[in-house]
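The values are calculated or read from the model by the stated rules, or taken from the named source; none is laboratory data. Keep in mind that this is a model prediction, so the values were computed, not measured. All Cβ positions, glycine included, derive from the backbone under ideal geometry; neighbour counts span all protein chains shown. Calculation scope for accessible area: heavy atoms of the full protein, side chains included, ligands and nucleic acids excluded. Shrake-Rupley method; radii C 1.70, N 1.55, O 1.52, S 1.80 Å.
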Amino acid sequence: MTGLPLRSRWRDSAISSISWKIISLLVTVAVTFLGLLFITFMISRLIPVDPVLAAVGDRASKSTYDKMYLEMGLDKPLWQQFLLYVQSILSGNLGNSFLSKRPVVEDLRRAFPATLELATVSIIIGTVLGIPLGILSAVKSGKLVDQVVRVVGLIGYSVPIFWLGLVGLLVFYARLGWVEGPGRIDISYEYSVSPSTGLLLLDSAMQGQWDAFRNVFSHIILPASLLGYYSLAYISRMTRSFMLTELGQEYITTARVKGVPEWRIIWVHALRNAAVPLVTVVALSYASLLEGSVLTETVFSWPGLGQYLTNSLQVADMNAVLGGTLLIGAIFVCLNLLSDLLYNLLDPRVRRRVALR
Amino acid sequence: MSDREWLLTEQPASRRQARLGQAYRRWLALRRNGLALVGLGIVVALILVAIFAPLLAPYDPIAGGDLRLDRLLPPSWAHPFGTDDLARDIFSRVIYGSRLTLMVVILVALIATPIGLLVGTTAGYLGGWVDVVLMRITDIFLAFPRLVLALAFVAALGPGIENAILAIAVTSWPPYARLARAETLTVRDSDFISAIRLQGASSARILWGHVTPLCLSSVIVRVTLDMAGIILTAAGLGFLGLGAQPPLPEWGAMIAGGRRFIIDQWWVSTMPGVAIFVVSLGFNLLGDGLRDVLDPKARK
């Protein structure tokens, strides 16, 4: 239509489509964050607790109360209050915790490494076991092994994780004595490891404290296995369905006809293609571990985000509850975004388009 | 012609025959799946137990026995699941608890499904900026981990089973909205919708009278698949003390109640947990089977 050579016109449209994609992705994330803030804001308005009274205490005089009322901007219309709320959150102020008397941000910073460590060990267990199990049940589709893997997965979907935690503690800690009980580390080791990353496995290993490392490992293995089982159920199921799709493709038949050994077809040809959507699945189940951790941490007295959230809930410490909710929501959104980006990066069809720029 | 032949005929003579025939074929397909039948059996058993709870339970679920003699008894013939720290028979409490579980599942489905349908069909049918706004809101709700959002809602509304149900419903509608929107998009431009529109039907009438019924079946399957998750979330809220309040025999709250005795009196926490597990496994097995039957794409 225009005088431009065909190639460059095509290239222009490719560039614009990619930058358009990035822009729309960023807008989506920004809007989602705003939405998260709006939901937590509305929840904080829903509570039947007078926020001024909570801040000044019930023995404050009328003038102090009125001053605080104006200071908190409660006389302004709701949308202005929301803007003030967003402003204070963006400047890193989540308010003070009523329970710990510290800023919520600081509390969250303390609790986060514990949850991160637990979730990471869990996702490693879930992935390392889940992917081979999924492949196995795809290869032996319809056979006994497949049925067993399927039922094992369904049990993982159906069992209440907090109950499994209690039963696990009963069997492996109280009866068999194979693992350590609740908590992250025994009190006798607590001060021998100086916190640098907050991840105790990493800290104790870097400082060469192998006794402490063994203790920490023995504490984490049970909750991490239970959470890992939870993600194993999801990962193995998705692996199975991706592998079944790939194994039915024509390039697999071609490879078979060419005489490629079966293990190579499965582990190299098919798995490489199934790996792209699997990355998304692993990222998503990493995010859902945050959710599972709320209940698991309560059972195991694990001093992470989940326990912080539930402890704050018990005493209606709303700043802490909303802060924790917001942090977990934000991590969730980030992991979703990350899985989206990874998917685009790893898929050769998308990558080629980027490379052609 | 036998009933079976009438149902399986290739040339149904009426709409009713065709519909019944299809239902019968689906039932045959479901019957071939042993695991799905087990699931169906569990769900039917749950419903029956909930209905006939007063006949099945040997003791009162709330009033306990003699506190001096009947506390924390191990399972026996008199008390199949043992007794708890208030000398209440755990077996009877588990039986009555099925009513609460069933109530949660039904109410959540009754609240969340219409919201999802309304949002999804409206977004899909009207399109344009309405679609963008509604789907953005849906995505925001999807971006939150469900349990955590429900926790925050219950924290704001106050603990209790009604609020727990509301909180779970508020967090469960987004997937239904997405599904309803996708279904609406497939029928929106079909000829029969255009015909109704040309007859002068309003958007609201088309949406409720003609689009929604078509989306209903796939949304219902999805809700069935979600029921295990709903049960687990409700139990989790109960466990944290935010769902049903004592002395209601809610399974999650019962587990929390027995937590202190887990080492020595294991049955107090274990028995209600088994009940939750069996029921959600039942819903999962049934949902899996239903999906295989109703969604031929997934079967391959």
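Among the residues making up the stretch A:143-157, those that are within 8 Å of another protein chain (Cβ to nearest Cβ) and of a type in the set (A, V, I, L, M, F, W, C) are A:VAL151, A:LEU154, A:ILE155.
For the stretch A:17-44, the set of residues classified as over 11 Å from A:LEU322 (Cα atoms), more than 7 Å from chain B (Cβ to nearest Cβ) and open to solvent by less than 40 Å² (accessible area, probe 1.4 Å) consists of A:ILE18, A:VAL29, listed by residue number. The set of residues in the stretch B:150-160 being part of a helix (DSSP H, G or I) and either within 7 Å of chain A (Cβ to nearest Cβ) or open to solvent by 40 Å² or more (accessible area, probe 1.4 Å) (or both) consists of B:LEU151, B:ALA152, B:PHE153, B:ALA155, B:ALA156, B:LEU157.
Has the stretch B:220-240 got any residue that is open to solvent by 40 Å² or more (accessible area, probe 1.4 Å), more than 14 Å from chain A (Cβ to nearest Cβ) and over 22 Å from A:LEU295 (Cα atoms)? Yes.
Any residue at all in the stretch B:78-85 that is closer than 17 Å to B:ILE230 by Cβ and either among the basic types (Lys, Arg) or open to solvent by 20 Å² or more (accessible area, probe 1.4 Å) (or both)? Give the derivation first.
So the first thing to find is which residues in the stretch B:78-85 are closer than 17 Å to B:ILE230 by Cβ, and the list is none.
Among the residues of the stretch B:78-85, not one is closer than 17 Å to B:ILE230 by Cβ and either among the basic types (Lys, Arg) or open to solvent by 20 Å² or more (accessible area, probe 1.4 Å) (or both), which makes the answer no.
B:ARG93 meets all of the listed conditions (1) in contact with a His (Cβ under 7 Å, 6 or more places away or on another chain); (2) of a type in the set (D, E, K, R); (3) at pLDDT 90 or above but one, namely (1). The single condition among (1) on the phi > 0 side of the Ramachandran plot; (2) touching a residue at least 24 places away in the same chain (Cβ under 8 Å) that A:GLY177 does not satisfy is (2). Taken together, the residues in the stretch B:246-266 that are facing chain A (nearest Cβ under 10 Å), open to solvent by 20 Å² or more (accessible area, probe 1.4 Å) and in a loop (DSSP other than H, G, I, E, B) amount to 3. The condition (being crowded, with 22+ Cβ neighbours inside 10 Å, more than 23 Å from the chain's Cα centre (by Cα) and facing chain A (nearest Cβ under 10 Å)) is satisfied by just one residue among B:SER280, B:SER269: B:SER269. The set of residues from the stretch B:250-261 being within 19 Å of A:VAL159 (Cα to Cα) and either polar (S, T, N, Q) or touching a residue at least 40 places away in the same chain (Cβ under 8 Å) (or both) comprises B:GLU250, B:TRP251, B:MET254, B:GLY257, B:GLY258.
Among the residues of the stretch A:162-186, write down those that are open to solvent by 10 Å² or more (accessible area, probe 1.4 Å) and aromatic (Phe, Trp, Tyr). Result: A:TRP163, A:PHE172, A:TYR173, A:TRP178. The set of residues in the stretch A:303-342 that are away from chain B (no Cβ under 11 Å) and surrounded by 24 or more Cβ atoms within 10 Å (Cβ to Cβ) comprises A:GLY304, A:TYR308. All of A:VAL145, A:VAL139, A:VAL152, A:VAL159 fail the test of being over 22 Å from the mean Cα position of the chain (by Cα), without any contact (Cβ under 8 Å) to a residue 60 or more places away in the chain and either assigned by TED's automatic domain parsing to the domain that holds A:VAL294 or surrounded by 13 or more Cβ atoms within 10 Å (Cβ to Cβ) (or both), apart from A:VAL145. The single condition among (1) farther than 30 Å from A:THR245 by Cα; (2) aliphatic (A, V, I, L, M); (3) within 14 Å of chain A (Cβ to nearest Cβ) that B:LEU286 does not satisfy is (1).
Where helices (runs of 4 or more DSSP H) sit wholly within the stretch A:239-325, those with at least 2 residues that are without any contact (Cβ under 8 Å) to a residue 24 or more places away in the chain and among the polar types (S, T, N, Q) occupy A:250-257, A:305-314.
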